[in-house]
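Since every read-out is calculated from the coordinates, none of them should be taken as a lab result. Everything quoted here is computed from the prediction, not taken from an experiment. All Cβ positions, glycine included, derive from the backbone under ideal geometry; neighbour counts span all protein chains shown.
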Amino acid sequence: MQLLKYLNLIYFISMNEIYFKSASTPFAKDAIHLALEKIFEKLNKISKGDIVAIKLHMGELGNNAYVRPFFVRKIADMVKKCGGKPFITDTTTLYGGHRGNSIDYLYTASMHGFNISSMNCPIIIADGLLGRNEEIVETEGQRIAVAKAIFESDYMLVISHFKGHGMTGFGGAIKNVGMGCCSKAGKAWQHAASKPAHNKSKCIMCKKCILFCPAGAIYEKNGEIFIDYERCRGCGACTVLCEQGCFYISDAKELQRRVAVACKAVIQKFGEKVSFINFLMDITPRCDCCSFPDKPLIDDIGILGGNDAVAIDKASYDLICNHAGKDIFYEIHKIDGRIQLIEGEKIGLGSMQYNLIEI
């Protein structure tokens, strides 16, 4: 019995500590921005003079669900207070839109409230002007193209908006790092596993897909729609933009595995000098890459912080499912987002075991 108690204690201690602040703020002392400071203190391992990449998705133009600039500015100020040199960063997109190159992205970021004046630190698009600035990192038998400015940083602080995702079920810290910290080449390797299928029974031949495919891979032949898989980038734009739901991902497992591998490639460079903050607020069906994220699925839950990408995403997923009483992401997208957690644990990215500590 004593041995069992001892083993249980060791198991409890070994679990990742995930700090949680509820979105409920009945009094001034409960304000989320104050709790954010307490969470930051628990996670912080920044040394004086460290160049700190604050990884953030600043939203596709028109999106209104990304993490609010107020919170990001608070985090940047806290980094500076402890001697770090922060910059806000993200990478260019594979599918184009208003973030396909650094110039367009910086305009979009400014429209959404992120610029050097509002953040009091630089905004740097980590993979360069056209998404080609990269460093090759080897892991799990793969060569992953990581955005150079992120690779060259001393510390990474990952701020993620946890929400639904049409290709991975949900997106949190793993997705934010795995896809969001790679150059276009790194993204292309991941999306090569997510080339869509077309359900012609739903198609009304509106031909809008031909116009909005960024790779020009969709075409009409003899009154039917086809996909040229040699040209297809697997970006998933068609799965989101087709109003009839004609395009779908037949197997999301390999994409999620690759996202987890890419996440490991980025994180292994930093060792212990990486932290994660997940915002479970404005929990929308679609990701921040969409200009139409739709209304939130449930009420705001709060903010989580931790030093393990797998653990913080598992805790986020659990809180949302418990709050909703079901897996709301699977219900919408029919994709099991837990695969990225399982795959991440398999390759040593992190652990799904955690101890939730309320702040």
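Among K48, K175, sorting on how many other beta-carbon atoms sit within 10 Å of each Cβ, with the fewest leading, yields K48, K175.
Charge dipole of region 155-239 (Cα centre as origin; +1 on each Lys and Arg Cβ, -1 on each Asp and Glu Cβ, all else neutral): 120 debye, rounded to the nearest 20.
Rounded to 0.05, the FRET efficiency of the Q142 and Y229 pair, given R0 = 25 Å and the Cβ-Cβ distance, is 0.75. For region 18-69 and region 76-130, write down the distance between their C-alpha centroids in whole Å. Going from one Cα centre to the other spans 16 Å. The overall shape of region 197-248, judged from the alpha-carbon gyration tensor, is oblate: a/c is not under 1.5, and a/b is no greater than b/c. Just from its helices, what would the mean residue ellipticity at 222 nm be for the chain, if runs of 4 or more DSSP H residues each count -39500 (n - 2.57) and the sum is divided by every residue, rounded to the nearest 500 deg cm²/dmol? Helices in the chain give a 222 nm mean residue ellipticity of -10000 deg cm²/dmol.
With the charge dipole of region 174-280 set up from +1 on Lys and Arg Cβ and -1 on Asp and Glu Cβ about the Cα centre, the Cα lying farthest toward the positive end among the listed residues A260, G271, A188 is that of G271. What fraction of the DSSP beta bridges in the chain is antiparallel, stated in percent and rounded to the nearest 5? That works out to approximately 50 percent antiparallel. Karplus-derived 3J(HN,Hα) values for region 175-181, using 6.51 cos²θ - 1.76 cosθ + 1.60 with θ = phi - 60°, are 5, 4, 7, x, 8, x, 9 Hz; glycine and proline are entered as x. Note on region 197-248: with charges restricted to the Cβ of Lys and Arg (+1) and Asp and Glu (-1), its dipole about the Cα centre is near 60 debye. Stretched out straight at 0.36 nm per residue, the stretch from T25 to E254 would grow longer than its current Cα-Cα span by 78.4 nm. Dipole of region 164-265 computed with +1 at Lys/Arg Cβ and -1 at Asp/Glu Cβ about the Cα centre; of M179, A197, L211, farthest Cα towards the positive end is M179. Using Cβ point charges alone (K and R +1, D and E -1), the dipole size of the chain about the Cα centre works out to roughly 260 debye. Take 138-147, 231-240 and order them by the average number of nearby Cβ atoms within 10 Å per residue, most first; the result is 231-240, 138-147. Using C-alpha pairs under 8 Å with a sequence gap of at least 6, the mean separation divided by the residue count of the chain gives a relative contact order of 23 percent. Remark: spin-label model distance C82-K200 equals 5.8 nm, labels positioned 7 Å along the Cα→Cβ axis. Peptides 30-36, 50-56, 167-173, 74-80 ranked from most to least packed, by the mean per-residue count of other Cβ atoms within 10 Å: 167-173, 50-56, 74-80, 30-36. At an R0 of 30 angstrom, the distance between the Cβ atoms of K38 and L130 translates into a FRET efficiency of 0.15. Computed over region 197-248, relative contact order equals 45 percent, with contacts defined as Cα pairs under 8 Å that lie 6+ residues apart.
One quarter of the convex hull surface built on the alpha carbon atoms of region 201-280 amounts to 7.9 nm², the projected area averaged over directions.
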